[in-house]
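A.B. asks: Before I ask anything, let me first share the structure, which is written out below as structure tokens.
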């Protein structure tokens, strides 16, 4: 028996026979050509680009969620990257080599540079270039489908590495778990296995070298452990762990039809964050009190530019109708920063502090106005709410609201019906907005705290930089005091306040956030039932006392230890599942 410990990338447990998929490094035919054959070789290369693009576009199905769709869009963009393709063409022409040789050389050179980067995002981009180049090499060589495309039995996939395109193409009905030698928490592979709900463990080192096809293997995506050829005792223990996990999941699903009412009657609304219309049914199935954050960016990431007014209207209408009479809060387009969309001209050296979100929208009123019109048109089909991201102060908010009023007047003139009482809110994710929340509260109907950005801006830490990742602490006293201040100023101004960042998705923080006075928590639907179960087992009085105690503490280490002990004392599943 061998036990490997890695990164728990996607929760759940899976047990079955191993299918080993060890992929070789890029190997291409290395053949010189005559000067007179350059044009023919370039034409062959251009045909391979089109074939590779066609193969990728086959995965652009309506039902895939936003993050997989964005990854596909990234790969399609690479196949249109003039710098990448020009380098390959020049290598063919200058060195008189075949297209496969040129693709391999240029790609390996780019990968080498990217893998040396200190930026984790750039290092992950190396995998994307490797993936795209494999599509080109396969198209040039005429290779058929890979062995993962069609399987006849359930397996646990064990591999040294996987390309995002392989995850799209593989037969996911038969792949019950995944164990990878490589991969990171922020990698595209990690994003996809979570999106596809496949129990997975990454960064296992040499696991693929220690297992053979048909070996029994267990993948524990909750603890980040992989057991190869487990002995009888370990197998029985893991069967018990799996049974406990299944029982826990069953208990959670019993929460779907219950309100999130604490033991003394205090209610906290739990809503879902979604990115596509296909996620609405999942939100409804777990009894979400509405959609607290609909990220509209995915509509602008379509390879074919799917961002017309009519296309947006249909997307918003679908979600609003499906959730009616529950509210749907749609965030206006939040591009820039770490969400770069092709065709919008966003290319900055310091994007996190740059031309993004509302700043982008106010300078591109042509795009923003179309979205506001589509939102207004959809508002008559249910309870639609609009919120604006990255507001830094009253001047920006006033400019946005002025434009919104102008669009409403246009709709009236054109006899386009819309909800005249539509509610608008602002996200609070910039320290300046938190400090003047009392001023902003006079102009909007609600607040939504975006902790992902609020944390990084408050502590001045790039959440994508692994060198300082230890500084990104949701329980930093400065962050907690900011949240508390926002809540107090919102309530004093007579408006409710929600929290929709990743912090809301962590069950460990749920009681603390309720005790701080949040009216709503909005999160990924995978976390909602767990948070509901916890909040239904405590009183608001105890939660408020917990928050009051925490606000007296002076370091995130002290706070983290205190909250963990408080939660573990009251909830067994924090240690047994």
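A.B. asks: Specify whether the C-alpha gyration tensor of the range 196-303 places it in the rounded, prolate or oblate class, a ≥ b ≥ c being the square roots of the eigenvalues: rounded for a/c under 1.5, otherwise prolate if a/b is larger than b/c and oblate if not.
C.D. replies: Oblate shape, in that a/c is at least 1.5 and b/c is the bigger or equal ratio.
A.B. asks: Give me the distance in nm between label points sitting 7 Å out from Cα along the Cα-to-Cβ direction at residue 526 and residue 403, one decimal.
C.D. replies: So the two model labels end up 3.4 nm from each other.
A.B. asks: Would you please put 35-42, 154-161 in order of how densely packed they are, using the mean number of other Cβ atoms within 10 angstrom per residue and starting with the highest?
C.D. replies: Going from most to least packed, we get 154-161, 35-42.
A.B. asks: What fraction, in whole percent, of alpha-carbon pairs in the range 257-576 exceed 38 Å separation?
C.D. replies: 13
A.B. asks: Based on other C-beta atoms within 10 Å, arrange 74, 329, 558 from fewest to most.
C.D. replies: 558, 74, 329
A.B. asks: Then there's this: How long are the semi-axes of the ellipsoid equivalent to the chain, from square roots of 5 times the Cα gyration tensor eigenvalues, in whole Å, largest first?
C.D. replies: 41, 33, 21
A.B. asks: Can you say what percent of the DSSP beta bridges in the chain, counting only those with both residues inside, are antiparallel? Round to 5.
C.D. replies: Among the beta bridges of the chain, antiparallel pairing accounts for roughly 35 percent.
A.B. asks: Next up: Tell me, Kirkwood radius of the range 370-507 from alpha-carbon pair distances, in Å?
C.D. replies: 16.2
A.B. asks: By how many degrees, 0 to 90 and rounded to 10, does the Cα axis of helix 394-413 deviate from the longest principal axis of the chain?
C.D. replies: Once rounded, the angle reads 90 degrees.
A.B. asks: Evaluate the distance, in nm, between pseudo-label points positioned 7 Å from the Cα of residue 55 and of residue 285 along their respective Cα→Cβ axes.
C.D. replies: That separation, rounded to one decimal, is 3.2 nm.
A.B. asks: Okay, moving on. Determine, for each peptide in 357-367, 102-112, the mean count of other beta carbons within 10 angstrom over its residues, then list the peptides with the highest first.
C.D. replies: Packing proxy ranking, top to bottom: 102-112, 357-367.
A.B. asks: Hey, how much of the P(r) for the range 187-250 falls beyond 14 Å, as a percent of Cα pairs?
C.D. replies: The calculated P(r) of the range 187-250 puts 66 percent of pairs beyond 14 Å.
A.B. asks: Sort the following peptides by mean Cβ neighbour count (other Cβ atoms within 10 Å, averaged over residues), highest first: 485-492, 227-234, 543-550, 199-206.
C.D. replies: Packing order, densest peptide first, comes out as 199-206, 485-492, 543-550, 227-234.
A.B. asks: Given the rule -39500 (n - 2.57) for each run of at least 4 DSSP H residues, summed and divided by the residues of the chain, what is its mean residue ellipticity at 222 nm, to the nearest 500 deg cm²/dmol?
C.D. replies: Estimated from H runs of four or more residues: -14500 deg cm²/dmol.
A.B. asks: If one takes the longest principal axis of the Cα atoms in the chain, at what angle in degrees, from 0 to 90 and to the nearest 10, does the Cα axis of helix 120-141 lie?
C.D. replies: Around 40 degrees separate the two axes.
A.B. asks: Follow-up question, since we're still on this one. What order do you get for 566, 101 when you list them from fewest to most C-beta neighbours inside 10 Å?
C.D. replies: Sorted ascending by nearby Cβ count, the order is 566, 101.
A.B. asks: Which order results if 481, 331, 53 are arranged by neighbouring Cβ count within 10 Å, fewest first?
C.D. replies: 481, 53, 331
A.B. asks: Rounded to the nearest Å, what's the spacing between the alpha carbon centres of the range 384-429 and the range 529-562? Just the number, please.
C.D. replies: 35
A.B. asks: Give me the percent of DSSP beta bridges within the range 257-576 that run antiparallel, rounded to the nearest 5.
C.D. replies: Antiparallel bridges make up about 5 percent of those DSSP assigns within the range 257-576.
A.B. asks: Can you tell me what the convex hull of the Cα atoms of the range 450-505 projects to on average, as an area in nm²?
C.D. replies: Directional mean of the projected Cα hull area for the range 450-505 stands at 3.9 nm².
Read the figures in this text as sums done on the coordinates, not as results from a lab. The shown structure was predicted, so the numbers you read here are calculated from the model rather than taken from an experiment. Backbone-built Cβ (ideal geometry, glycine too); neighbour counts: all protein chains shown.
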